[in-house]
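Any read-out appearing in this document is the output of simple, stated calculations on the displayed coordinates, not a laboratory observation. Please read all numbers here as calculations on a predicted model, not as lab measurements. When we count neighbours, we look across all protein chains shown, and the Cβ atoms used for this are built from the backbone with ideal geometry, even at glycine.
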Amino acid sequence: MANELSKQELHNLAMNVVGKDLEKKGYEFLGVNSSIKANPQFVALKDKKLHFVVVRAINYPMDPRIMDRVYMETMKQHASKFEARTFYAGVGIANAKDYELPVTHEENYIINYDGWQEI
């Protein structure tokens, strides 16, 4: 029996993808919270501007670009108190051998990530 990744492990994978992207684009991390329940996951600084980034691990067949608009508007209102820009980063994760199977520790996986979207 294959050992499935937990929700937290999938979330950590998504965090790594987005974190590397932020680093590559020159963002400075002021805060990182990898808990699924905490938002935003990244508070980052670039060009003296604060950025809040909400990360979500999305299982196939869901589209990682589709966000919870109501929740993200709430996050945007919270960010505005800090004069921060708000971003959503959905990271699709699927079993590489068969998209219908769960992602496991023993098998390769595929990442579907198009970058983040400003709210």
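A compact table of results
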item: Relative pair counts by distance (%), Cα atoms of the stretch 29-80, 5 Å bins; result: 5, 17, 24, 26, 18, 8, 2, 0
item: Net charge of Cβ neighbours under 15 Å - reference Y27; Lys, Arg +1; Asp, Glu -1; result: +2
item: Neighbour-count ranking [beta-carbon atoms within 10 angstrom, fewest first] of Y99, Y109; result: Y99, Y109
item: Modelled FRET efficiency - R0 22 Å, L45 with Q117, Cβ distances, 0.05 increments; result: 0.70
item: Gain in span if fully extended, I66 to E4, counting 0.36 nm per residue against the direct Cα distance; result: 19.9 nm
item: Cα-based helix-to-principal-axis angle, 7-24 vs the chain, degrees rounded to 10; result: 50
item: Stretch in the chain that is longest and holds no GluC sites (Glu not before Pro) that DSSP places in a loop and that have at most 13 other beta carbons within 10 Å; result: 1-82
item: Value of Rg to Rh for the chain (Rh from inverse mean 1/r over Cα pairs, i.e. Kirkwood); result: 1.00
item: Euclidean distance between Cα centres, the stretch 63-80 to the stretch 1-38, Å; result: 18
item: For the stretch 54-60, Karplus couplings with θ = phi - 60° (6.51, -1.76, 1.60), whole Hz, Gly/Pro x; result: 9, 10, 10, 8, 10, 7, 4
item: Magnitude of the charge dipole, the chain, Cβ model with Lys/Arg +1 and Asp/Glu -1, debye to 20; result: 600
item: Using alpha-carbon coordinates, inclination of helix 69-80 to the longest axis of the chain, degrees; result: 40
item: S34 paired with Q77, simple spin-label distance in nm, labels 7 Å along Cα-to-beta-carbon; result: 3.2
